[in-house]
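Trainee: Pasting a structure below so you can have a look.
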Amino acid sequence: MSHRILVTGAAGFLGSHLCDVLLAEGHTVVGVDNLCTGSKSNLSHLAGEPRFSFLEQDICVAFDPGAVDYVFNLASPASPVDYMRLGVETLMVGSAGTISTLDLARRYNAGYLHASTSECYGDPAVHPQVETYWGNVNPIGPR
């Protein structure tokens, strides 16, 4: 069964690859990104794909891409370099952006997945991190 799926952070590393996988599975994908850390070049190979559309949009500002079956919220600066430069934007996308996309999911009765960077756990002392790992967070450090 084919679905219409919204992917925020679509121009980032993970988001662009997720778009590829969803399209390969036969779905229609609406990619959304404000390009603060993502790049349109990550999606350039999809330029002629009729089942893919792209919205350059800040998800902190309410928007409506039309009915969707699923929302994959991957929008967030994910590296210390980016979120140190974009501190307020990082906090906003994690709060207002999440509320905005949850509102969309509720409006269309869509499934919802929210992903966050593992950077929120600090500089890990355990590799790979298991679900029971509590992190290695310095409360006054960059992470």
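Trainee: Out of the residues in the stretch 104-129 meeting the condition of being modelled with pLDDT under 85 and part of a helix (DSSP H, G or I), tell me which one is nearest to residue 7 (Cα to Cα).
Mentor: Ranking the candidates gives 118 first.
Trainee: Same structure, new question: Which of the numbered conditions does residue 91 fail, given that it passes all the others? Conditions: (1) part of a helix (DSSP H, G or I); (2) aliphatic (A, V, I, L, M); (3) at pLDDT 90 or above.
Mentor: (3)
Trainee: Can you tell me which residue in the stretch 1-20 is least open to solvent (accessible area, probe 1.4 Å), limited to those that are polar (S, T, N, Q) and under 18 Å from residue 105 (Cα atoms)? It would help to see each step written out before you state the result.
Mentor: The initial filter retains those residues of the stretch 1-20 that are polar (S, T, N, Q), namely 2, 8, 16.
From what is left, the residues that are under 18 Å from residue 105 (Cα atoms) are 2, 8.
Numbers: 2: 73, 8: 0 Å².
Result: 8.
Trainee: Another one. Please count how many residues of the stretch 23-45 are more than 14 Å from residue 73 (Cα to Cα) and not in a loop (DSSP other than H, G, I, E, B).
Mentor: Matching residues across the stretch 23-45 total 9.
Trainee: Only one of 86, 23, 91 is surrounded by fewer than 20 Cβ atoms within 10 Å (Cβ to Cβ), farther than 16 Å from residue 115 by Cβ and touching a strand residue (DSSP E or B) at 6+ places or on another chain (Cβ under 8 Å). Can you tell me which?
Mentor: Details: 86 fails: touching a strand residue (DSSP E or B) at 6+ places or on another chain (Cβ under 8 Å); 91 fails: touching a strand residue (DSSP E or B) at 6+ places or on another chain (Cβ under 8 Å).
Only one candidate passes the filter, namely 23.
Trainee: Please pick out the residue among 38, 66, 48 that is open to solvent by less than 50 Å² (accessible area, probe 1.4 Å) and either over 17 Å from residue 104 (Cβ atoms) or within 15 Å of the chain's Cα centre (by Cα) (or both). Break it down into steps so the answer makes sense when it comes.
Mentor: Numbers: 66 fails: either over 17 Å from residue 104 (Cβ atoms) or within 15 Å of the chain's Cα centre (by Cα) (or both); 48 fails: open to solvent by less than 50 Å² (accessible area, probe 1.4 Å).
After ruling out the rest, the residue left standing is 38.
Trainee: Can I ask one more? Does residue 60 satisfy the condition of being open to solvent by less than 50 Å² (accessible area, probe 1.4 Å), at pLDDT 95 or above and either among the small types (Gly, Ala, Ser) or in a helix (DSSP H, G or I) (or both)? Before the answer, list the steps.
Mentor: Working: open to solvent by less than 50 Å² (accessible area, probe 1.4 Å): yes; at pLDDT 95 or above: yes; either among the small types (Gly, Ala, Ser) or in a helix (DSSP H, G or I) (or both): no.
In short, no.
Trainee: Can you go through 132, 101 and tell me which one is modelled with pLDDT of 80 or more, over 18 Å from residue 14 (Cβ atoms) and among the β-branched types (Val, Ile, Thr)?
Mentor: Values: 101 fails: over 18 Å from residue 14 (Cβ atoms).
The unique qualifying residue is 132.
Trainee: Something else: Which ones in the stretch 57-93 are touching an Asp or Glu at 6+ places or on another chain (Cβ under 8 Å) and within 11 Å of residue 32 (Cβ to Cβ)?
Mentor: 57, 75
Trainee: Continuing with the same structure: Only one of 72, 54 is farther than 18 Å from residue 115 by Cβ, open to solvent by 20 Å² or more (accessible area, probe 1.4 Å) and not in a loop (DSSP other than H, G, I, E, B); which? Break it down into steps so the answer makes sense when it comes.
Mentor: Details: 72 fails: farther than 18 Å from residue 115 by Cβ.
Result of the check over 72, 54: 54.
Trainee: Here's something else I'd like to know. Can you run down the residue pairs with Cβ atoms below 6 Å, 6 or more apart or on separate chains, where the first is in the stretch 54-76 and touching a residue at least 40 places away in the same chain (Cβ under 8 Å) and farther than 24 Å from residue 41 by Cβ and the partner is basic (Lys, Arg) and open to solvent by 20 Å² or more (accessible area, probe 1.4 Å)?
Mentor: Close Cβ pairs (under 6 Å, with a partner that is basic (Lys, Arg) and open to solvent by 20 Å² or more (accessible area, probe 1.4 Å)) amount to 68/4; 69/4.
The values are calculated or read from the model by the stated rules, or taken from the named source; none is laboratory data. As the structure is a prediction and not an experimental result, all values here were calculated from the model. Note that we place each Cβ from the backbone using ideal geometry, even for glycine, and neighbour counts take in every protein chain shown. SASA here: full protein model, heavy atoms, side chains in, ligands and nucleic acids out. Shrake-Rupley method; radii C 1.70, N 1.55, O 1.52, S 1.80 Å.
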